[in-house]
Amino acid sequence: MITVSVKMAAYLRRLKGCSVGKTELELFPGSRVKDVLKDLGAIPGEIGLIILNVRAADLQSLLNDGDNLELYQIFGGG
Amino acid sequence: MSYGYNGKILKINLTKKKYEIETPSDLFYRRYMGGRAFAAYYLLKELRPGVDPLSPDNILIFASSVLTGAPAPGIPRFTVAAKSPMTGGFGESEAGGSWGPQLKRSGFDAVIIKGKAAKPVYLYINDGEVKIKDAGHLWGQPVAMVETLLKEELNNPKIKVVTIGIGGEKQVRYACILNEASSANGRNGFGAVMGSKNLKAIAVSGTSSVNLFDKEAVKEVSKWVASIYRDNPISASLNEYGTPAAIAGLQASGMLPTDNFSSGAFSGYDKIDGDTLKKKYVGKKPCYACPIACKKQVRIDDERFSVDSVYGSPEYETLASFGSNLGISDLNVIIKANELSNKYGIDTISMGVTIAFARECFINGLLSKEDTDGIDFTFVKPTDLLKVIEKVAHRDGFGNLLAEGCLRLARKLGNNSEDLAVQVKGLELPMHDPRAKFIVALGYAVAVAGPDHMSIPHDVFYETQENINNNGLDSLSFYEPITDPAKKVKAAVYGQTLWSLYNVLGVCDFAYQPRGIISFDKLVKLVKGITGFNTNMFDLMEVGRRAINLARMFNVREGFTIKDDKLPAMAYGPIKGGRLKGAKIDKKQFAESLQEYYQLMGWNPETGVPHASTLKALDIEWILELINK
């Protein structure tokens, strides 16, 4: 198993275990960001930005042990 | 029998103290539908070109739509329009709250105001009866007080009131109009136009409900929204956080306007973000018939000052324009600044960006304490911002210069300071960096009423297959993600047309796709259910397209050319900090995209003027006859 830390703000904090804005997840090796989102219960289309180890990433990005993932809501005006 | 609309437009002449009622044909309502289109229609027909926007010759229009007042979510909005004191062109600004629906109930679809009253007045429109009443006792009153006083004076607790504050009375160029103390027709300075007409407020009430063609269809849409809005994260986030939820994501993306747009990241962002602000929420302020209730009320505990919660919580634009864009991370000061802005009736975007301009000039030595009435414009002491807002509202000292907006101030200062003025056509940019969002950049340059972040859906909605599949854009013929700026013109054109439709219909961008949860199918169902019009998205997009072209022709007639469709100097210099450090607009790419935009719109790419054939296809070739007279 690999361990990935996930940080998120605002409404994403409702997701499984993320109420303080940060959580650690145990995943199968070979997991991708999309698997994390599914696991957490994120709804398709609600994520606007994915950052993996400080770099912009996407749903297909592969995760490794010790990775830091940040997720942000979509926001387009207001 | 008409459904959705009254068939009556109220025309008031404040100089003559007279009014008349126009009864346009059903075809008029079918073709123009409301909001932006009504406004552009009447401004083209009845306003002669070249007038001073702050003179009695300007015409001020309040327009609802064929949908307003129906008991359905996300359609409470109405448009205020006139020749803009900021741009000198077509000016419009929409607001939510409850005034629009109540105007409908009072018996009228729109109010058109000409001339100037000899002394301050207010209008009272109640079940078809129209009175022009003395407002001497209201002049000088803060925004929230006006509604309270009028309810008492008219012995009518059901009235809804649009009002100006001291800002509008003093004709601060970007003064605004508010209803319910926190729903603002914010941009373009219509508060100043109202003030220039000696018009303090318009109170409306009525007992007629909107005639619905198919009650069941309307109910179905309402029921669906009620069942889903708490679970769908797009609406649920607005319900819980409002737009302040955006701060963290924009910071991480490197597009949070900081220090007069010089950077895209702010070190103090976590002190002003959604999670921090949410702790101070004490209530929600829903618009008429909408459960999403994105607006909030706040309470603070601060020994330096108190805040009247009636004026609402700052939303994203205000958080950024008084916060990161001024280098201020003192959240209570931003909350107080928001309260003052609403109390005095002043646009938080234009005021914030004008102050940010002055701050950058101050830091660069173009302004000194001598010029700024002794105030340190670095805002190292954040409460100094509150002093500045008081001065702007009262046009006091340096506030009198700030009250003119950043372009006019820059022209006074000279010294190439215009390069630091972040504006298009004289109107300040909102809190979305064009260097980070190419579609928004195009939108800023060509938007009919000056740079408007809500005139065009943002780039992010087109950026991933997931987004497109979930926000309805696939049904507007976007089948795959778009990330290359060179491919964004179609998105700019179609998106702008959609949100033009929303401005015509008084539809809230937060409630309907792509930025909201209600689909286009449901929108069509609602329009049909309310009005009985045999319509669909094709027809409705044509309604949106017609409105853009009406407004564009107004601007053509006022002398606007393609030279005015441009970006501020800042767009061509790099973002100086954050994830997008170094990003800038490519001048050549932008110029090419602009040409492509004109082509796609059916406009002459050399002049930016709509082709006669474009106007003809939209049944508005009458404009050419009008202009050529």
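Throughout, read-outs are computed from the coordinates displayed, never taken from laboratory work. Source: prediction; values computed, not measured. Note: ideal-geometry Cβ built from the backbone for every residue, glycine included; neighbour counts use all protein chains shown.
Structure values in brief
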item	result
Relative contact order (%) - criterion: Cα under 8 Å, at least six apart; region: chain B	16 percent
Taking chain A and dividing mean pair separation by its residue count, relative contact order in percent (alpha carbons under 8 Å, at least six apart)	40 percent
Table column - 3J(HN,Hα) (Hz), segment B:374-379, Karplus curve with 6.51, -1.76, 1.60, x for Gly and Pro	x, 8, 7, 7, 7, 6
Net dipole in debye of segment B:315-359 [+1 Lys, Arg Cβ; -1 Asp, Glu Cβ; about Cα centre; nearest 20]	140 debye
Selection from B:ILE439, B:TYR311, B:ILE575, by position along the positive dipole direction of chain B (Cβ)	B:TYR311
Cut-off under 5 Å, modelled amide H: who pairs with B:GLY283 long-range	B:GLN297
Kyte-Doolittle mean at least -1.0 and Cα axial length at least 27 Å: DSSP H helices in chain B	B:537-557
Peptides ranked, highest mean first, by Cβ atoms within 10 Å: ranges A:67-76, B:428-437	B:428-437, A:67-76
Proxy reagent accessibility, fewest Cβ within 10 Å first, across B:ASP273, B:ASP214, B:ASP586	B:ASP586, B:ASP214, B:ASP273
Cut-off under 5 Å, modelled amide H: who pairs with B:TYR512 long-range	B:ILE517, B:ILE518
Gain on full stretching of the segment that runs from B:ARG304 to B:ALA486 - 0.36 nm per residue minus C-alpha separation	60.4 nm
Selection from B:ILE623, B:PHE461, B:VAL507, by position along the positive dipole direction of segment B:438-628 (Cβ)	B:PHE461
Average beta-carbon neighbours from other chains, 10 Å sphere, peptide B:242-253	6
Fewest-first sequence of B:GLU466, B:GLU92, B:GLU317, B:GLU220 by Cβ atoms within 10 Å of each Cβ	B:GLU220, B:GLU466, B:GLU317, B:GLU92
Electrostatic dipole magnitude of chain B [Cβ: Lys, Arg +1; Asp, Glu -1; Cα centre; debye, to 20]	1120 debye
For the protein assembly as shown, size of Cβ-based charge dipole, Lys and Arg +1, Asp and Glu -1, in debye	1440 debye
Calculated FRET value between B:THR148 and B:ARG30, using beta carbons and R₀ = 41 Å, to 0.05	0.55
Given charges at Cβ of Lys, Arg, Asp, Glu: chain B dipole, positive-most of B:LEU212, B:GLY495, B:ILE12	B:ILE12
5 angstrom amide H check on B:ILE346, placed H, neighbours 5+ away	B:CYS176
Neighbour-limited loop hits for trypsin sites (Lys or Arg not before Pro), segment B:180-230 (at most 15 other Cβ within 10 Å; DSSP other than H, G, I, E, B)	B:ARG230
Proxy reagent accessibility, fewest Cβ within 10 Å first, across A:CYS18, B:CYS361, B:CYS287	A:CYS18, B:CYS361, B:CYS287
Averaged over B:461-469, number of beta-carbon atoms from partner chains that fall within 10 Å	5
DSSP-loop trypsin sites (Lys or Arg not before Pro) across segment B:326-431, with at most 14 other Cβ within 10 angstrom	B:LYS369
Shielding score for B:515-523, defined as the mean number of other chain Cβ atoms within 10 Å	1
Low-density loop positions, chymotrypsin sites (Phe, Trp or Tyr not before Pro), segment B:447-554 - DSSP coil, at most 14 other Cβ in 10 Å	B:TYR479
